[in-house]
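These notes concern the structure reproduced below.
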Amino acid sequence: MNDDLELEIIEQERYELFAGPLYNFNFNRRQFLKAFSGGIALIVPVSNLVAHTLQQDQGESGRRGNERIPDDIGAWIHIDEKGTVSVFTGKVEIGQNIRTSLTQAVAEELHVPLDTVRIVMADTDLTPFDMGTFGSLTTPRMAPQLRKAAAAARETLIALAAEQWKVEPASVRIVNARFVNHDASKSLTLAEVAKGQKLVKTIPAEVATTAAKDWTVAGKPVPKVDGRDFVTGKHQYTTDLRREGMLYGRVVRPSALEAKLVSSDTKAAEAIPGVVVVRDGDFIGVTAPDRATALRAERAIAVHWQAPGQPGNDELFDYLKKNAEAGRGRPVGSIVNGMAAAEKKLSQTYNIAYIAHAPLEPRAAVAEWNDGKLTVWTGTQRPFGVRSELAEAFHIPEEKIRVIVPDTGSGYGGKHTGESAIEAARLARASGKPVKLVWSREEEFNWAYFRPAGVIEVNSGVRKDGTVTAWEFHNYNSGGSGIQVKYDFPNQDIQFHNSKSPLRQGSYRGLAATANHFAREVHMDELAQLVNMDPVQFRLKNIKDARLKAVLEAAADKFGWSSKKTEGRGRGIACGFEKGSYIATAAEVSVDAKTGRVKIERVVESFECGAIVNQLHLHNQVEGAVVQAIGGALFESIQFKNGQILNGKFSQYRLPRFSDMPVIEIVLLDRKDLPSAGAGETPIVGLAPAVANALFDLTGKRIRSMPLT
Amino acid sequence: MPNVTNINVNGKKLRVDVDGQTPLLYVLRDYLNLTGTKYGCGEAKCGACTVLVEGQAMRSCVTPVSRASDKQITTIEGMEQDGKLHPLQEAFLKADALQCGYCTSGMIMAAAALLKKNAKPSRDEIVKHMDGNVCRCGTYPRIVNAIEIAAGTAKEVAE
């Protein structure tokens, strides 16, 4: 991986920078030793998980005995004296199925069945610091390191077994979680080898792991490891938790965004038996023994708010342009020369609406205080970040706070913050009892944050033979992810401009890569039309990158791009690259003559993210991304005015449903010679431009906004 | 004012001391600790709260408990019988028809209602019946596949 590529991958959107310090060596030696009772542990240092850090020589492979335990523990594998294999990682499971894929990686290297591996995730008292689960980083960073740790654990255990038998380690193998000697006449279990040991090692710099082409456990379509708990309703999400003596909380919300509290009358609420009212600055909340009483108390509070005047979505795009800062970017070549060399020129503007994540499980938290220590269960993608938020909000040290994240009802980038955790903790402190707070759907729409809206301007020049000579691209507000091109454009000026957002905005699956791909790929289609070239041929003319070419050709082939068009349908294509993976999407659309309803009839998406870890779940992620993308492409858009969200409920905010499903065909290119990249995000970026281009093909009308209305 | 409601959940006769207007969803979740039934929107637009009342799919978030009194209610917890999963539960696992799993209970209950009245639904019938249930992770094609597996009409199992 070259330096440029690496930079591009770790470049966070600016609003992810409140993710707190990259390093936080909180899970130190002392804490580790408290958690480690016996058996064998293999530690992955944080430095191994972070890009741009040369792997330090942290111990020689094959060396026996305890080593210095590093300060920066990033993850660890523990084989306890009962033979249980536990993996400790600060990552969270939000439906992307990393609990399964990490289990596969560890089971493979340890040569044990999947059900012997237990993954302990996202508990700030038990798992090492992790900056958060986002950016499609678990598969490229965490999985290979855990794989190394598991391989090193296996070698350590084999050496111990060999010592018991007084044989050469090379003659000992692990078969199905048992150690066997050369002729299988003797065997030992994991427990028998780990018993009485107290051995801690840091993973050696050089440890051989199984090459992707030789994977037998990973690379296979293993079903969700704890799937049974989900189909039976047994899994306990945050919203399902119950603590002894628990109360129900509600928060009185302001009348509009950024509204300030002028006055409140809480007497009527306080008169309701069992109700506690909390007033602290602009925060007003209640607790009650049951949900209905809490709701009644909330409604009994009379509040007067004062809200500033704010722009609405009818003036949004002008507002973003007007409040834009100077751009940031690294020009390549010269736009002036590129334009001079062009035979045709094109300038267009593309608009992107705010959209909501709308995770089906809303924000929720259960908080309790015991002897000054706060424990919060909450659905978040950043457990350690939320711990910092709590420490700041309550002025207590992080050591006094434990954040636990049960496997969560999705996030899509929308659960990076700890609002509900802070609110529940505030209410719990006031009432002296555990408090559960579950945001309503309306609160989720009004008080969470959105995918940023944006304006994108593109000026380009092209020769009649289809060679793009100049590419000037300005993104206002939506973000810098996926803004760079993989096309072979000789002259580029690509800039991202911060602006002032009228609404609270943050990460969203794929970040701005969706907006940037939309503008770029629609513009490419317009250029193809300008020079009378087929959209696939036009793109190929400007591609040197073999991986981009491969996905584009794979999608076009599977789609049947060169075959005759279906009567009454339009077709379009788009391709791109982000976060280490490549994608191409071809779409076929129709428009109902009577209702004007756009129907996406068929989608072919090709995707390549290096070596495939779990075909089944990768397929599911790619397909899910295509489905989620339909919302942003066709109908999702937040309407707002004067600090009020005007369509903040499911009856007003149109989500993709069963009847919106096209026929979806997915082509997964398995590059066993390349490291695995994450796949939770990039598959979402291709659909909107492909559909926009297909609509143009069908109707001759060019739509330059998301959603395509 | 609180009053006592008799309800019959998963074959058990129960009495709860709540206001009859309380949504069935919260009686199940808060009073009976049957948390497999989920809140998603509170306005019957997402289907996460779907249960069976006398075999019909009902949105428990907008159904007052008084309307379900003395009726047979089945929740996701009542689908597994003697440690054996319901064919739909098996099929959801087989088709990998879930990601975060939050919509899964409601999906399975809505599908169960469909298969009760139509044992071999066509794909169009499945889509029409399930259109009120939302999966934000986008597993719709797999859910359709799972329902077809349970109905014995699946042509192919999802890759």
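Just so you know, all these numbers are worked out from the coordinates, no wet-lab data involved. Since the structure is predicted, the reported quantities are computational estimates derived from the model, not experimental observations. Positions of Cβ are backbone-derived with ideal geometry, glycine not excepted, and every protein chain shown enters the neighbour counts.
Observations on the model:
- With R₀ fixed at 51 Å, the C-beta to C-beta distance from A:Ala302 to A:Lys594 puts the FRET efficiency at about 0.55.
- Candidate cross-link partners of A:Lys220 among the lysines, defined by an alpha-carbon separation under 21 Å and a same-chain spacing of 8 or more, comprise A:Lys148, A:Lys672, B:Lys94.
- Look at the dipole of the protein assembly as shown built from charges on Cβ: of B:Asn6, A:Pro254, A:Gly285, the Cα furthest out on the positive end belongs to B:Asn6.
- Rounded to the nearest whole Hz, the Karplus-based 3J(HN,Hα) values (6.51 cos²θ - 1.76 cosθ + 1.60, θ = phi - 60°) of the range A:119-135 follow the sequence 9, 9, 10, 6, 9, 5, 8, 10, 10, x, 3, 9, 6, x, 9, 6, x, with x at glycine and proline.
- Only one residue of B:Val16, B:Val51, B:Tyr31 has its Cα farthest out toward the positive end of the dipole of the range B:3-78, where Lys and Arg carry +1 and Asp and Glu -1 on Cβ, and that residue is B:Val51.
- Amide H contacts of A:Leu137 (H built 1.01 Å from N, under 5 Å, at least 5 apart or other chain): none
- The share of alpha-carbon pairs in the protein assembly as shown lying farther apart than 48 Å comes to 23%.
- For the range A:525-623, the C-alpha radius of gyration sits at 1.19 times the compact-globule guess of 2.2 N^0.38 Å, with N the residue count.
- For the range A:305-334 and the range B:105-152, distance of Cα centres in Å: 44
- Rounded to 5, the percent of DSSP beta bridges in chain B classed as antiparallel: 90
- Exceeding the 20 Å Cα-Cα cut-off - candidates A:Lys500/A:Lys641; A:Lys224/B:Lys84; A:Lys224/B:Lys12; A:Lys373/B:Lys38; A:Lys34/A:Lys436; A:Lys641/B:Lys38: A:Lys224/B:Lys12; A:Lys373/B:Lys38; A:Lys34/A:Lys436; A:Lys641/B:Lys38
- Of the residues B:Tyr102, B:Tyr31, B:Tyr140, the one that moves most in a GNM of chain B with alpha-carbon contacts below 10 Å is B:Tyr31.
- DSSP beta bridge pairing in chain A, given as percent antiparallel to the nearest 5: 70
- Exposure proxy for B:Asp82, A:Asp282, A:Asp80: other Cβ atoms within 10 Å of each Cβ, ordered fewest to most, give B:Asp82, A:Asp282, A:Asp80.
- Note on the range B:1-56 and the range A:557-615: Cα centroid distance 43 Å, given to the nearest whole angstrom.
- Ranking of A:Ile483, A:Ile573 by count of other Cβ atoms within 10 Å, fewest first: A:Ile483, A:Ile573
- Part-to-part distance (alpha-carbon centres) for the range A:365-405 and the range A:72-125, which is given in Å: 23
- Amide H partners (placed H, <5 Å) of A:Arg118, local residues excluded: A:Val85, A:Ser86, A:Val87
- Computed 3J(HN,Hα) for the range A:193-199, one whole-Hz value per residue from the Karplus formula 6.51 cos²θ - 1.76 cosθ + 1.60 where θ = phi - 60°, is 7, 7, 4, x, 8, 9, 10, glycine and proline marked x.
- Of every Cα-Cα pair in the range B:87-151, the percent that sits beyond 13 Å: 54
- Residue exposure sequence - A:Lys415, A:Lys260, B:Lys94, A:Lys594 - by fewest surrounding Cβ within 10 Å: A:Lys594, A:Lys260, B:Lys94, A:Lys415
- Positive minus negative residues near A:Thr124 (Lys, Arg vs Asp, Glu; Cβ under 13 Å): 0
- For A:Phe640, the residues 5 or more places off, or on other chains, whose built amide H falls under 5 Å of its own are A:Asn313, A:Leu646.
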